[in-house]
Amino acid sequence: MKREITFYRRFEADILSGKKTITIRDSSESHFEKGELLSVSRYEDGGYFCTIEVESVTPVLMSELTELHAAQENMTLDELKQVISEIYPGLNELYVISFHIR
Ligand SMILES: CC(=O)Nc1ccn([C@H]2C[C@H](O)[C@@H](CO)O2)c(=O)n1
């Protein structure tokens, strides 16, 4: 059965256009595996909007985030750190989920 992942509505266009190719999550979403297909829906209303294929899941510390991660999120590094701090306050151990649209 296909597993699911949600994104905030404001990231939908960037995902569909291919501008956003990673997402950075906490350990509760670190269980996805390379090659797995995920059904993607909006966090706010549960609406399905695409399927992605997981390319890799890699641990990263907040302090290790780089401009490359930010570019893959279609953000500046400051914006990315701000977003992550709002979603996961005080959390240092994160996971980079790399993906492409199927
Ligand atoms: C429920 C939940 O946590 N949903 C999330 C978490 C993260 N994102 C996005 C925001 C940033 O682009 C990256 C980094 O966390 O992932 C999200 O859309 N929804």
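The values are calculated or read from the model by the stated rules, or taken from the named source; none is laboratory data. Because the structure is predicted, anything quoted here is derived from the model rather than measured. Backbone-built Cβ (ideal geometry, glycine too); neighbour counts: all protein chains shown. In case anyone asks, the SASA skips ligands and DNA or RNA and just uses the protein heavy atoms, side chains included. Shrake-Rupley method; radii C 1.70, N 1.55, O 1.52, S 1.80 Å.
Taking R102, is it open to solvent by less than 30 Å² (accessible area, probe 1.4 Å) and touching a strand residue (DSSP E or B) at 6+ places or on another chain (Cβ under 6 Å)?
No, not satisfied.
Return the total of residues in the stretch 58-78 being under 23 Å from R10 (Cβ atoms) and out of contact with any Ser or Thr (no Cβ under 6 Å at 6 or more places or on another chain).
14
Among the numbered criteria (1) free of Cβ contacts under 8 Å to residues at least 24 places away in the same chain; (2) touching a Lys or Arg at 6+ places or on another chain (Cβ under 7 Å), which one does Y95 miss?
(1)
Hey, among the residues in the stretch 25-45 that are open to solvent by less than 60 Å² (accessible area, probe 1.4 Å) and within 12 Å of the ligand (Cβ to nearest atom), which one's nearest to H100 (Cα to Cα)?
V40
Can you name every residue in the stretch 57-80 that is open to solvent by 60 Å² or more (accessible area, probe 1.4 Å) and of a type in the set (D, E)?
Scanning the stretch 57-80 gives E64, E67, D78, E79.
Residues to consider are V54, V83, V96; find the one that is open to solvent by less than 40 Å² (accessible area, probe 1.4 Å), modelled with pLDDT of 95 or more and touching an Asp or Glu at 6+ places or on another chain (Cβ under 7 Å).
The conditions single out V54.
Report every pair of residues separated by at least 6 positions or lying on different chains whose Cβ atoms are under 6 Å apart, first residue within the stretch 67-85 and touching a residue at least 24 places away in the same chain (Cβ under 8 Å), second assigned to a loop (DSSP other than H, G, I, E, B) and open to solvent by 30 Å² or more (accessible area, probe 1.4 Å).
Matching pairs, first to second residue: Q72/T21; N74/K19.
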